[in-house]
Amino acid sequence: MPSAAEFAWLIPLLPLLGAVIAGLGLISFNQSINQLRKPVAIALITSVGAAAILSYAVLAEQLGGAPPVEHLFVWASAGSFILPMGYVVDPLGAVMLALVTTIALLVMIYSHGYMAHDKGYVRFFTYLALFSSSMLGLIVSPNLLEIYVFWELVGMCSYLLVGFWYDRDGAAHAAQKAFVVNRVGDFGLLLGILGLFWATGSFDFNGIAEGLANAISAGTVPGWAALTLCLLVFMGPMAKSAQFPLHVWLPDAMEGPTPISALIHAATMVAAGVFLVARLEPLYSQFPLVGLVIAIIGTITCFLGASIALTQMDLKKGLAYSTVSQLGYMMLAMGCGAPVAGMFHLVTHAFFKAMLFLGSGSVIHAMEDVVGHEPILAQDMRLMGGLRKKMPITSATFLIGCIAISGIPPLAGFWSKDEILGQAFNSFPVLWFFGFLTAGMTAFYMFRLYFLTFEGTFRGDDQDLQNQLLVSAGKVLEEEDHSHGLGVVHESPWSMTFPLAALAVPSVLIGLCGVPWNSGFAKLLNPEEAFEMAQNFSWGEFLPLAGASVAISSTGISLAVFAYYLNRIDLGQAVASRFSTLNAFFANKWYLDDINDKIFVKGSRKLAREVLEVDAKVVDGVVNLTGLLTLGSGEGLKYFETGRAQFYALIVFGGVIALVALFGVLGGPSI
C-alpha cells in the first residue's frame, strides 16, 4: 500500500487547481461566478481541507518513524548540466505542511463571516487558495531553485492580498511597499543562489553544504566569498521574515483584510524565511560568523518590534510589531545554532498569533457597526474598552493568546520562548539579556492591548474623541458618515468564533510537546539533539532561567494591570513627559520609515529627475541634432540632383581638383 508521502505532491496541487478554476471563471464569467459565492467558497475550502487531511497523514507517518521521501524528475538538461525538480517530505516539511494547512483552513472558514458582505468575496477566496498553494509548494521543494520559484509566488500573492482593497490609497501603498522591500531581499537571495551554484554546481541543500566545504578546503573558493554568498542568501529571509532593516513592510501590510494579516503573520509568508534558514542549517553551521550575524539581526529585530509595540494605539499594528519581535526570537535561535528551538517557536507562535489576529478582526468587525468602516476609528483602541461582556468568546480567546505570547507556563509560548532564551544564554549572554528584556516588554504591551480593548468602559460612542482622532490623522469624514453611532457591539458569528476556539486549544497545549526533558518536537526533527537535551537537562539550570523569564513577564503584566486595568498610574503620560525623546523615538518607529523615505524614496525620485534631464537635454538633443543635420544636408543636396550628365562630370572634375589641392597643401602624394 503506498504511503501518504507518495501523494504529497497533491498537497500544493489541490488548492492550486481550485484557485486556477475559480480565477479562470472570474476572468471569463465574472458576473456569474460572483453570484456563486458560497459554492466557490465551499469548493476552495474543501480543496484546502483535503490538503490538510493529506498533510496530517504525512505527519503521522513521520511521527511513526517513516523515512524521508524524495521524488525528482529532470526538468532541464544541457550537456553535463541537469536540473532536477520534484518534492521532498521529511520531518521538518511534514510539520510545516500540517501547520500551514491548518491555519489556512481556519482562516478561510473565518473569512466566510468576515468578508460576507464584500463585493470581492470570490476573488478573495481565490487569492487565499493560491497563497496557500504557493507556501505549500515552497515547503516541499527539494532544492533552492524550486524554493525560489514558489518564494516569488508567495510574494506575488502577498501583493495581491495586502492590496486587496486597491481603491484605498493606504492599501495600494502598503502593497507596493511590501513588494519593493521584498524585491530587495529577493535580489540578494537570487545572487546568493547563483553564486552558490557557481561554487558548488548544485542547488540541493546538502549538496551545496558539502560542495562549499570541499571548495573552501581545496582553495577554489575563498572564505570571504563563501561568507558573502551565505549572507546574500540570508537577505531573502531577512525580507520575508521581516528582519531589521527590511522589516518595514510588515506593519503596513495591516491595510489588507484582517484574515490576511493572520495568514501572513502566522504561518505563511513570514514563516518562509525562518523555514529557509532551517533548511540551510547544514550550510550555515559551517560559518560561526554567519550565525553571529543572524543572531545579532534577530536580537535587534526582537527588541525593535517590542519597543515600537509599546506605543501603538492601532490594535492590528500593535500585533504586527509583536510579530516582528517574535520573528526576531526565531532568528536569534537560528543564529545560536538551535534550529529546533526556532522552529518550535514558529509553530507555537503560529497558533496563538493567528488567534490574536483573528480576534482583532472580530473586534474590528464589531466596532465597524458603531464607528463605521474607517480603519482609523475601527482599529483604534482608544475607542474600544468594555468589550469583554459583549464579546465573551473573542475576549476569552484573546486573553489566552496574551498569556501564551507573554511566556506564562504552561501555555505554549513559555516552552518555546524559554528554550530560545536558554540557547541564547549559553551561546551569546549579551544577546540573551536583550531577549530577556524583550520578554518583559512583550508581556506589558500585550496586556496593554487586552485591557484597552476588553476592560473598562466602552468609548466608541464618544463623538468628540472620534473627531479628534480623525483631525489628528488629517482626515475628515463626510457628515453622513457619522451616522454609525446607532450600532451595537456584538459577538461575531460562529464562522468567526469557531476558528478562535479551535486555535485556543493548541495555544494552550502544544507547548507540552517540547518540554526540554522529553521533547517530542525535537525527537521528530532531530532525534540526536533530543537525546542530548534529555541527557544534559538539569533542573538546577532550567529553573533559574525559567523563573527569571516568568518573573520579568509577570512584572510586565503587573505594570499593565496597574496602568490600564486599575488606572492607578497614567503610564503613557508619565513616560511621554519624562522621557519625551525616547517616547518619540519609539512612536516614530525608530525613524526608519522617515530615513527610508528620505534616502530611497525621495533620493530615487531625485535621481530619476536628473536622469530625465539628461535624457531630455543630452540624449534627445543628440538625436534631434542628427535629424536636423540630416534634414538640412538633404535640403541642400537636392539642388545638385539636376539629371544632367555634364553637371555631374563637372562636380567630379571639381572634386578631383580639390583633392589635388588638399594633398598638395598637406605634402602628400601628387597625381
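Quick one: is V488 in contact with a helix residue (DSSP H, G or I) (Cβ under 8 Å, 6 or more places away or on another chain), open to solvent by 70 Å² or more (accessible area, probe 1.4 Å), over 22 Å from A404 (Cβ atoms) and modelled with pLDDT under 85? Judged against the criteria, V488 is a match.
The single residue among A341, A320, A306 that is in contact with a strand residue (DSSP E or B) (Cβ under 9 Å, 6 or more places away or on another chain), part of a helix (DSSP H, G or I) and open to solvent by less than 10 Å² (accessible area, probe 1.4 Å) turns out to be A320. Check whether at least one residue in segment 258-267 is over 13 Å from the mean Cα position of the chain (by Cα) and on the phi < 0 side of the Ramachandran plot, and report yes or no. Looking through segment 258-267, at least one residue is over 13 Å from the mean Cα position of the chain (by Cα) and on the phi < 0 side of the Ramachandran plot. The residue that is farthest from G223 (Cα to Cα), counting only those in segment 240-260 that are open to solvent by 10 Å² or more (accessible area, probe 1.4 Å) and not aliphatic (A, V, I, L, M), is E255. Could you look through segment 348-374, keep only residues that are of a type outside the set (F, W, Y), assigned to a helix (DSSP H, G or I) and open to solvent by 10 Å² or more (accessible area, probe 1.4 Å), and pick out the one that is farthest from M533 (Cα to Cα)? Filtering first and then ranking leaves D369. No other residue among H349, H373 is out of contact with any Leu (no Cβ under 7 Å at 6 or more places or on another chain) and without any contact (Cβ under 8 Å) to a residue 24 or more places away in the chain apart from H373. Number of residues in segment 216-239 that are open to solvent by 10 Å² or more (accessible area, probe 1.4 Å), on the phi < 0 side of the Ramachandran plot and of a type in the set (G, A, S) equals 4.
Of the listed requirements (1) more than 47 Å from the chain's Cα centre (by Cα); (2) on the phi < 0 side of the Ramachandran plot; (3) not polar (S, T, N, Q), G643 misses just one: (2).
Scanning segment 94-111 finds no residues that are under 21 Å from F275 (Cβ atoms), modelled with pLDDT of 90 or more and among the aromatic types (F, W, Y). Hey, does segment 261-272 have a residue that's touching a residue at least 12 places away in the same chain (Cβ under 8 Å), surrounded by 24 or more Cβ atoms within 10 Å (Cβ to Cβ) and not in a helix (DSSP H, G or I)? Yes, segment 261-272 contains at least one residue that is touching a residue at least 12 places away in the same chain (Cβ under 8 Å), surrounded by 24 or more Cβ atoms within 10 Å (Cβ to Cβ) and not in a helix (DSSP H, G or I). Restricting attention to segment 273-293 and to residues that are of a type outside the set (F, W, Y) and in a loop (DSSP other than H, G, I, E, B), the residue that is surrounded by the fewest Cβ atoms within 10 Å (Cβ to Cβ) turns out to be S285. Being open to solvent by 30 Å² or more (accessible area, probe 1.4 Å), among the β-branched types (V, I, T) and in contact with a helix residue (DSSP H, G or I) (Cβ under 9 Å, 6 or more places away or on another chain): is that true of V40 here? No. Every residue in segment 449-466 that is surrounded by fewer than 22 Cβ atoms within 10 Å (Cβ to Cβ) and in contact with a His (Cβ under 9 Å, 6 or more places away or on another chain), please. Scanning segment 449-466 gives a single hit, Q463. Quick one: is F125 assigned to a helix (DSSP H, G or I), open to solvent by 10 Å² or more (accessible area, probe 1.4 Å), out of contact with any Asp or Glu (no Cβ under 7 Å at 6 or more places or on another chain) and among the aromatic types (F, W, Y)? No: the conditions fail for F125. A search for C-beta distances below 6 Å between a residue of segment 75-93 that is more than 30 Å from L59 (Cα to Cα) and in contact (Cβ under 8 Å) with a residue 60 or more places away in the chain and any residue that is among the aromatic types (F, W, Y) and surrounded by 17 or more Cβ atoms within 10 Å (Cβ to Cβ), counting only pairs 6+ apart in sequence or on different chains, returns nothing.
The values are calculated or read from the model by the stated rules, or taken from the named source; none is laboratory data. These numbers come from a predicted model, not from an experiment. Quick reminder, even Gly has a Cβ in these numbers, built from the backbone with ideal geometry, and neighbours come from all protein chains shown. Remember, those area values only see protein heavy atoms, side chains included, never the ligands or the DNA or RNA. Shrake-Rupley method; radii C 1.70, N 1.55, O 1.52, S 1.80 Å.
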